[in-house]
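Structure, as structure tokens:
Every read-out reported here was derived from the displayed coordinates using simple, explicitly stated rules and does not represent laboratory data. The structure displayed is predicted, hence computed values, not measured ones. In this analysis, Cβ positions are derived from the backbone assuming ideal geometry, glycine residues included, and neighbour counts consider all displayed protein chains.
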Amino acid sequence: MKNALLFLILLVAAGSIFLLIHFGRENTDITRFLEQERYGRMSAEEELQRGEYRVKKLEADLQSTQVRLARLQETLDKTRDENTSLKADIQRAERQGRSQETDLHKELQGAIAQKASLESRLRAMEDDLHAAQQETQQEKARADFAQRKAEQQLAAAEAMASVKK
């Protein structure tokens, strides 16, 4: 009877030690997993902050590009007005008649040169406008991509947090 009681106590002690070791390892694994999740969440938050900074920078770049675009548009409008005015001058000169053909020819040559200059300026400004529009579209696409990436990372972090719970 004494031996059976002693054997039973040893068996209970061995079982307790085994459970203590098992739960200690499990606690260590859970703590390690929790630390990894915390690190992952901190990394995601840092990436989100970087993404927000990039978005703000891109928005500032977009605003400056829009201001530049507005200036280019004003210049383009002025050039078009000048071009329209020049065309009207040319038509008036043609109506003056053949008696002033020599003088008209000289004025016409000057007007054509000015028109070519204005049209080349107009083409250059339109090219600048087109480039600025493309740049704006690219900046917007980058901003949208950065925002989507940040949202995906935040969703992943929330999913990991919900999985943890």
Practice task
Between Glu135 and Phe33, with labels modelled 7 Å along Cα→Cβ, what's the label distance in nm to one decimal, could you check?
Solution key: 5.2
Exercise for the section: For segment 1-80 and segment 116-150, compute the distance between their C-alpha centroids and round to whole Å. Expected result: 37
Problem - Inter-site label distance for Lys2 and Ala155 at 7 Å from Cα along Cβ, in nm - result: 7.3
Exercise for the section: Taking the chain as the reference, fit the longest principal axis to its C-alpha atoms, fit the long axis of helix 2-95 to the helix C-alpha atoms, and give the angle between the two in degrees, 0 to 90, nearest 10. Expected result: 0
Practice task
Pull up the cross-link candidates among the lysines for Lys78, meaning alpha carbon to alpha carbon under 22 Å and not fewer than 8 places away within one chain.
Solution key: Lys87, Lys115
Practice task
Determine, from the Cβ-Cβ distance of Ser162 and Ala14 and an R0 of 41 Å, the FRET efficiency 1/(1 + (r/R0)^6), rounded to the nearest 0.05.
Solution key: 0.55
Handout entry: Total charge dipole magnitude, the chain, about the Cα centre, Cβ charges on Lys, Arg, Asp, Glu only, Debye to nearest 20
Key = 620
Fill in the blank from the handout: Ranked from fewest to most other Cβ atoms within 10 Å of their own Cβ, Lys2, Lys56, Lys149 fall in the order Lys2, Lys56, Lys149
Practice task
Find out how many positive minus negative residues lie around Asp61, taking Lys and Arg as positive, Asp and Glu as negative, among other residues whose Cβ is under 11 Å from that of Asp61.
Solution key: +3
Practice task
Read through the labelled values (1) 39, 17, 13; (2) 86, 9, 9; (3) 115, 30, 11 and report the label of the one computed as semi-axes √(5λ) of the Cα gyration tensor in Å from the structure.
Solution key: (2)
Practice task
Kindly express, to the nearest 10 degrees and within the range 0 to 90, the angle between helix 101-164's C-alpha long axis and the longest C-alpha principal axis of the chain.
Solution key: 10
Completion exercise
Summing -39500 (n - 2.57) over every DSSP H run of at least 4 residues in the chain and dividing by its residue count gives a helix-only mean residue ellipticity at 222 nm, to the nearest 500 deg cm²/dmol, of -36500 deg cm²/dmol
Exercise for the section: With springs only between Cα atoms under 10 Å apart, run a GNM on the chain and tell me which of Ser120, Ser43, Ser16 wobbles the most. Expected result: Ser16
